[in-house]
Amino acid sequence: MKKTPLHDAHEKLSAKMVEFGGWHMPVQYGPILEEVVTVRTKAGLFDLSHMGRVRVTGADRERFLDKICTNFVAKIPLGSIRYSLFCRADGNPIDDLLVYRSEDEVFLVVNASNTDVDLAWMREHSKGFDVKIEDQTDALAMIALQGQASQATLQELTRDLDLASIGYYKFKYGTVSGIADMRVSRTGYTGEDGFELYVPKSEAVRVWNECLAHGAKHGLKPIGLGARDTLRLEAGMPLYGHEIDATHNPIEAGLEFGVSFKPEKGDWIGRAPLERLAQKKTRHLVGIKTAGPRVPRQGYELYAGPEKIGYVVSGSVSPTVNSNIGTAYVPLAHGKPGDKVEIDIKDKRQPAEYCALPFFSRTRK
Amino acid sequence: MADTRSKTSRPDDRRYCETHEWIKPDGDTMLIGITDFAVVELSNGNEGDLVYCDLPEVGRILKAGETFGEIESVKAVADLNCPVAGEVIEINSSIEEHLEVLSKDPWKEGWLIRIRPDAKSLDKLMDAKAYEKFLAEKAH
């Protein structure tokens with residue numbers, strides 16, 4: 001199992017460590033639900049160093065990425081970030097990612113469990129393009145501050161950069177904890193305001209500890225991957241292997257905002273099947289919530305009376321909604337918010353109702 | 001991974017399964033519960049992380065090893081397995097509303113079901129010493 005530069009710091013904090021995407025990661029430092037509430041009311045600090053980070057340079061970088069990405073990379077304003085996916089020829093995703101566009105490079109953040117597949121896919125399709133693909137996963141740590149107290153905490157550590165000047169899904173460079181030219185983006189996977197930092201590996205522990213020390217008075221605490229999963233589900237954000245995977249495409253998952261069919265983008269891998277699907281989709285991703293005691297879990301089936309109509313792909317206890325929640329795929333005719341449905345849990349039926357996604361949203365900066 | 005060695009030794013008035021249930025003779029009947037190890041694995045020591053416990057109907061006939069219920073935490077669901085064959089004659093229904101009892105006292109107050117076993121012998125199951133050895137080996 002791979003270890004992030006912050007591995008020992010997590011063990012010192014008595015985190016419960018688990019395997020995740022090939023990495024030994026903290027799933028929780030304390031009770032998961034309390035960690036969710038901490039991020040929703042104060043702020044949380046996350047080690048995301050397991051995520052894959054890839055730098056793409058070379059004269060053809062944008063033309064190359066526009067062939068393998070669903071979103072229109074060349075049209076991303078400089079200093080902005082867009083959600084995108086890599087899809088196979090059949091339109092089903094290999095992974096989803098964030099794309100950071102700069103004047104001289106494009107920087108990608110991909111899922112830990114798919115990093116190797118993504119790199120192989122990129123290299124395979126880079127033939128004939130003038131591009132250089134650099135895996136920076138091991139060179140950089142990635143630390144996120146999420147929650148309302150994120151800006152106040154991080155600004156105390158930051159010089160020559162006014163964090164308030166960074167818009168949502170934008171990035172700038174500044175001096176953080178004395179480290180010059182650090183990439184700071186206003187992004188996250190929690191539905192809260194917050195920042196993601198890309199830190200040289202050798203400085204990771206110091207930056208982590210300074211964030212904890214300065215954040216303590218604001219109520220900031222370290223948060224594990226368990227709470228992160230609940231936070232992203234509440235915020236209606238997809239997770240590869242759940243809402244999207246080799247059999248669940250971005251159109252039915254409601255991710256059209258990350259898919260560009262603009263003619264100027266030209267052809268890209270997966271475009272034709274997804275463009276057809278956008279005209280005639282038959283199922284869609286919906287939210288469900290249940291007042292019952294059981295938590296929706298991936299694979300549970302949904303019934304309307306005797307008829308099996310769909311299945312759950314993610315679920316969690318949600319302290320924010322104060323209910324057990326999940327996402328599910330059902331035919332287009334089903335899923336109207338407020339309508340009733342039943343979850344089959346080992347041959348027992350638990351009543352639930354559909355609700356609009358996201359379960360939670362906060363007004364953006 | 002939970003540190004099994006920091007715990008005081010498990011009660012030796014009962015037997016244990018590899019799936020972390022215990023079974024304790026009580027007159028003609030037997031009580032079944034789950035071990036402290038199982039509770040910590042599910043809840044990481046946070047009693048609030050346990051969300052649900054599903055117990056069987058009284059009168060249900062169980063085979064040895066059969067799943068009789070489920071226990072659920074925020075992030076996981078675990079099967080509850082019956083160590084020996086028998087009939088369910090009582091369930092501890094207060095547990096369903098008071099899952100914290102499992103964290104506080106899994107050995108006595110936290111019993112889950114009472115069965116009338118088909119046979120009296122528990123010799124095939126681990127005693128406390130063997131269970132602790134099993135946990136220690138599992139931790140490596």
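Some points to look at:
- Residues A:Lys262 and B:Ile61, FRET efficiency given R0 of 45 Å [Cβ-Cβ distance, rounded to 0.05]: 0.10
- Peptide B:46-52, shielding by other chains (average Cβ, 10 Å cutoff): 5
- Cα convex hull, the stretch B:15-132: 91 Å³ per residue, rounded to a whole number.
- For the listed residue pairs A:Lys67/A:Lys132; A:Lys201/A:Lys221; A:Lys346/B:Lys124, the alpha carbons are over 26 angstrom apart in A:Lys346/B:Lys124.
- Using C-alpha pairs below 8 Å separated by at least 6 residues, the relative contact order for chain A is 18 percent.
- Across the protein assembly as shown, the fraction of Cα-Cα pairs farther apart than 29 Å, rounded to a whole number, is 57%.
- Inter-label distance, nm, simple model (7 Å from Cα along the C-beta direction), A:Lys346/A:Asp138: 4.4 nm
- A full extension of the chain between A:Ala180 and A:Asp130 corresponds to an added length of 15.0 nm, given 0.36 nm per residue minus the alpha carbon distance.
- With contributions of -39500 (n - 2.57) from each DSSP H run of at least four residues, the per-residue ellipticity at 222 nm computed over chain A stands at -6000 deg cm²/dmol.
- Extension gain, A:Lys336 back to A:Phe20 (0.36 nm per residue minus Cα-Cα distance, nm): 110.3 nm
- Charge tally around A:Lys346: other residues with Cβ under 12 Å, Lys/Arg +1 each, Asp/Glu -1 each, net -3.
- Computed over the stretch A:192-317, relative contact order equals 19 percent, with contacts defined as Cα pairs under 8 Å that lie 6+ residues apart.
- Residues whose placed amide H lies under 5 Å from that of A:His334, excluding near-sequence neighbours: none
- Amide N proximity, the stretch A:15-51 versus B:Glu47 label position 7 Å along Cα-to-Cβ, cut-off under 15 Å: A:31
- Compactness of the stretch A:53-135 - radius of gyration and Dmax, Cα, Å: 11.4, 32
Only the coordinates and a few stated rules stand behind these numbers; no lab work does. Just so we're clear, the structure is a prediction, and the values are computed from it rather than from any experiment. Every residue, glycine among them, receives a Cβ derived from its backbone with ideal geometry; neighbour counts consider all protein chains shown.
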